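What follows is a short report on a single structure.
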Amino acid sequence: MKNQFRNIKWTNTLFLSGTLLTALVATPIYIAKVGLSLPQFVLFIFFLVATGLSITLGYHRLFSHLTFKAKWPVKAFVLLFGAAAFEGSAIAWSADHRRHHKFVDHDDDPYDISKGLFYAHIGWLLFRTGPDTPLTWVRDLQKDRLAYLQHKYYIPIAVFMAFALPTLIGWIMGGATAALGAFLMAGVTRIVVVHHMTFCINSLCHWIGERPYSTNCTARDSFLMAICTFGEGYHNFHHKFQSDYRNGIRGWHFDPTKWTIWLLAKVGLAADLRRVPEEKILQAKIAEKEKQLLKKVAPAELPESMRQSIATAKAQVESAISRWSIAIAAYREAKSRRSEISRDELHSIKDAAKDARQQFIRFRQEWLAVYRHAILAA
């Protein structure tokens, strides 16, 4: 028992349990006795979105993975409201997260899902199982002046942004009673919601959904989890292609973090948005599909004619991928020197890239059909 108490991170435990208890008890009592005005609700939503996006867009995609570059107003905003999420400084948070990607599902992973859903969700914050992640993981971020200042003065910034600012706004809106409501709703309750939204990325996003890009780790893609986490639910894609500023790569994928980064780029506040080429994404899906098919039947178990059919279909797919990659590279190069090439030539190169993509998709479907037929025959 002594050893168990020695392992408890008391500061984290008291803060997380205290805010949760306040949100579950004090906030409902306030709403029942005083009510919830529209301005208070709007303030709650604003702080929820501002702090949630500051974690997903700022701490995660900007600082941890460097998926895009941001102008100083964006950095200042996500560092201020990121502190209000009470999840540590951007530097410390990013150190943990980079370590998570390096050692995902192993002992050195700070929130290792193999130790259980509770541990990955919140247990790693409550119990000390090893030393804190050294800041050598984020030497680059320590050179960022704004990130360094936030790290150095994290506690006063966090207290002011998370509690004092919403309380002050509430006071201005309606005096002491409104200030208490703002403190409870936009302060404490909002912190609890953002905490567990973020914690779900470490836990349920490694538990619920599919793994279309890689089964080498537990990260999964889930539309439901994307709704709960500002778009972070397409987690299998993210772990396979962590340098991409998107998590949901399709237009219908719910990823408000991606949309916000795109809008920031359109107004000149973000630049150099990194995207993994589509052919690489599809190659990963094909490789994973083949891996899953090979688990069901080994090529050696198939008749020679079927092995030849599979080999032929696979060669067609690889040829189409090669042609597609070359066509896309040619299109990008032509687009970059648009002044030196006619519009008709540019459209011709673009059409060639489209044709190559369509051929790739057709051959991929044929390859999968051949493989499925072989499995059924076996």
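Need pairs with beta-carbon distance below 6 Å; first residue closer than 13 Å to D244 by Cβ and within the range 259-288, second at pLDDT 85 or above and hydroxyl-bearing (S, T, Y); sequence gap 6+ or separate chains.
Sorted first by the residue in the range 259-288, then by its partner, the pairs are I261/Y245; L273/Y245; R274/T67; R274/S243; R274/Y245; A284/Y213.
Could you tell me which of the residues I227, I249 is in the same structural domain as C200 (by TED's automatic domain parsing), out of contact with any Leu (no Cβ under 6 Å at 6 or more places or on another chain), of a type in the set (V, I, T) and more than 26 Å from R99 (Cβ to Cβ)? First the steps, then the outcome.
On the way: I249 fails: more than 26 Å from R99 (Cβ to Cβ).
Exactly one of I227, I249 is in the same structural domain as C200 (by TED's automatic domain parsing), out of contact with any Leu (no Cβ under 6 Å at 6 or more places or on another chain), of a type in the set (V, I, T) and more than 26 Å from R99 (Cβ to Cβ), namely I227.
Residues checked against (1) touching an Asp or Glu at 6+ places or on another chain (Cβ under 9 Å); (2) more than 24 Å from V74 (Cβ to Cβ):
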site	(1), (2)
D132	yes, yes
T136	no, yes
A164	no, no
V193	no, no
F199	no, yes
R211	yes, yes
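Kindly establish whether N202 is crowded, with 22+ Cβ neighbours inside 10 Å and more than 13 Å from F86 (Cβ to Cβ).
Working: crowded, with 22+ Cβ neighbours inside 10 Å: yes; more than 13 Å from F86 (Cβ to Cβ): yes.
For N202, the condition - crowded, with 22+ Cβ neighbours inside 10 Å and more than 13 Å from F86 (Cβ to Cβ) - is met.
Whether any residue in the range 130-152 is out of contact with any Leu (no Cβ under 9 Å at 6 or more places or on another chain) and under 27 Å from F44 (Cα atoms) is what I want to check. Before the answer, list the steps.
To start, the set of residues in the range 130-152 that are out of contact with any Leu (no Cβ under 9 Å at 6 or more places or on another chain) comprises 130-134, 136-139, 143-145, 152.
Okay, now just the ones that are also under 27 Å from F44 (Cα atoms), so none.
For the range 130-152, residues out of contact with any Leu (no Cβ under 9 Å at 6 or more places or on another chain) and under 27 Å from F44 (Cα atoms): absent.
I'm trying to understand the selection: among the residues of the range 101-114, which are out of contact with any Ser or Thr (no Cβ under 6 Å at 6 or more places or on another chain), at pLDDT 95 or above and either hydrophobic (A, V, I, L, M, F, W, C) or over 19 Å from N236 (Cα atoms) (or both)?
F103, V104
Take G123 and tell me if it is on the phi > 0 side of the Ramachandran plot and either at pLDDT 95 or above or not β-branched (V, I, T) (or both).
Considered against the rule, which asks whether it is on the phi > 0 side of the Ramachandran plot and either at pLDDT 95 or above or not β-branched (V, I, T) (or both), G123 comes out as no.
Being of a type outside the set (A, V, I, L, M, F, W, C) and in contact (Cβ under 8 Å) with a residue 12 or more places away in the chain is the filter here; which residues of the range 164-179 pass it? Write out each step before concluding.
Residues of the range 164-179 that are of a type outside the set (A, V, I, L, M, F, W, C), as a first pass: 166-167, 170, 174-175, 177.
P166, T167, G170, G174, T177, listed by residue number.
Search the range 123-139 for residues that are assigned by TED's automatic domain parsing to the domain that holds W93 and closer than 17 Å to N202 by Cβ and pair each with any residue that is among the aromatic types (F, W, Y) and surrounded by 10 or more Cβ atoms within 10 Å (Cβ to Cβ) when their beta-carbon atoms are under 7 Å apart and the residues are at least 6 apart or on different chains.
So the pair list comes out as W124/Y111.
List, please: which pairs have Cβ atoms under 6 Å, are six or more places apart or on different chains, and start with a residue in the range 180-191 that is free of Cβ contacts under 8 Å to residues at least 24 places away in the same chain and end with one that is of a type in the set (S, T, Y) and surrounded by fewer than 24 Cβ atoms within 10 Å (Cβ to Cβ)?
F183/T167
I'm checking my understanding of the structure. Among residues of the range 1-36 that are basic (K, R) and loosely packed, with under 11 Cβ neighbours inside 10 Å, which one is modelled with the lowest pLDDT?
Taking the range 1-36 as the starting set, the residues that turn out to be basic (K, R) are 2, 6, 9, 33.
Checking which are loosely packed, with under 11 Cβ neighbours inside 10 Å leaves us with 2, 6, 33.
Details: K2: 48, R6: 72, K33: 95.
Among those residues, the one meeting the criterion is K2.
Kindly establish whether A265 is under 18 Å from V194 (Cα atoms), part of a helix (DSSP H, G or I) and in contact with a strand residue (DSSP E or B) (Cβ under 8 Å, 6 or more places away or on another chain).
Working: under 18 Å from V194 (Cα atoms): no; part of a helix (DSSP H, G or I): yes; in contact with a strand residue (DSSP E or B) (Cβ under 8 Å, 6 or more places away or on another chain): yes.
It is false that A265 is under 18 Å from V194 (Cα atoms), part of a helix (DSSP H, G or I) and in contact with a strand residue (DSSP E or B) (Cβ under 8 Å, 6 or more places away or on another chain).
Only one residue in K143, K115, K152 is free of Cβ contacts under 8 Å to residues at least 40 places away in the same chain and under 19 Å from F199 (Cα atoms). Which one? Can you show your working first?
Values: K143 fails: under 19 Å from F199 (Cα atoms); K152 fails: under 19 Å from F199 (Cα atoms).
Being free of Cβ contacts under 8 Å to residues at least 40 places away in the same chain and under 19 Å from F199 (Cα atoms) holds for just one of K143, K115, K152, which is K115.
Collect the residues in the range 106-125 that are acidic (D, E) and surrounded by 18 or more Cβ atoms within 10 Å (Cβ to Cβ), keeping them in residue-number order. Before the answer, list the steps.
To start, the set of residues in the range 106-125 that are acidic (D, E) comprises 107-109, 112.
Once the filter is applied, which keeps residues that are acidic (D, E) and surrounded by 18 or more Cβ atoms within 10 Å (Cβ to Cβ), the range 106-125 yields D109, D112.
The values are calculated or read from the model by the stated rules, or taken from the named source; none is laboratory data. Quantities reported herein were computed from a predicted structural model and do not represent experimental measurements. All Cβ positions, even for glycine, are placed from backbone atoms using ideal geometry, and neighbour counts span all protein chains on display.
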